[in-house]
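Heads up, the thing below is written out as structure tokens.
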Amino acid sequence: MRLLLSSLFHESPFEGLQKHADKINECAQLFKRAAVCHIEEKCTEFDDLTDQVARLESEADAIKRNIRNHLPRGILMPVDKFQFFQYLKEQDKVVDAVEESLLWLSLRPKGVPAALAGDFQHLVGSIIPPIEKLPQLVTMATDFFKSRSERQRTKMKSLIHDIHQQETEADFLEQELKRRIFSEIKDALVVFHMVRLVDIVGNIADHAENASDRMRAMIAR
């Protein structure tokens, strides 16, 4: 016997997904502030901002566990459960990449080389917009799975397209920055550190795009 969603949940799993998306967006905003702070070197908030991200990551992880642990096998969901969990996994990986980026930033207390600081700040700025769209995407999905409105589906597909476009722009900046690192930085250790850091920052936008792809699969006819 399959059980109705409303009979088993005090809140829909999509409400938990919304809370999770909001936490991810908060982490992204703090990451941007922390990265700018680190670039400027004189900023003294970096450690505090990193601690705030860690706290939000812990809260997001608790929301993720709650969703997973309170989803009985017999529950009737409006989407494929596997696809739902794949979306949650990719959304959660956004904050994992944020934390890893902050770790790699902290490994070089002198900050990003001055010659690369402007481009690195542009890269960081470029990965924020696709993450900011994730809470909106979940809100739209919640409405869509109640109404099954074709108009709502079209709006979601447009938003997903925007996320893809923004990830593509971030990817371009990532590749250009790597070229500059190899051409302008002579210290091999700094080259290694910067290339790895840029990779991880780029991964933040990649996971936001991957999450949107999972959502597109969920709303497919």
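Quick grid of which residues meet (1) among the basic types (Lys, Arg); (2) in contact with a Pro (Cβ under 9 Å, 6 or more places away or on another chain); (3) within 30 Å of CYS37 (Cα to Cα); (4) part of a helix (DSSP H, G or I):
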residue	(1), (2), (3), (4)
GLY118	no, no, yes, yes
ILE127	no, no, yes, yes
GLU132	no, no, yes, yes
ARG153	yes, no, no, yes
LEU159	no, no, no, yes
ASP162	no, yes, yes, yes
Any hit, the range 67-77, residues being touching a helix residue (DSSP H, G or I) at 6+ places or on another chain (Cβ under 8 Å), surrounded by 15 or more Cβ atoms within 10 Å (Cβ to Cβ), assigned to a helix (DSSP H, G or I) and modelled with pLDDT of 95 or more: no
If you go through VAL95, VAL53, VAL112, the only one that is surrounded by 21 or more Cβ atoms within 10 Å (Cβ to Cβ), aliphatic (A, V, I, L, M) and outside any helix (DSSP H, G or I) is VAL112
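The values are calculated or read from the model by the stated rules, or taken from the named source; none is laboratory data. Fair warning: this is a prediction, and the values are worked out from it, not measured in the lab. Note that we place each Cβ from the backbone using ideal geometry, even for glycine, and neighbour counts take in every protein chain shown.
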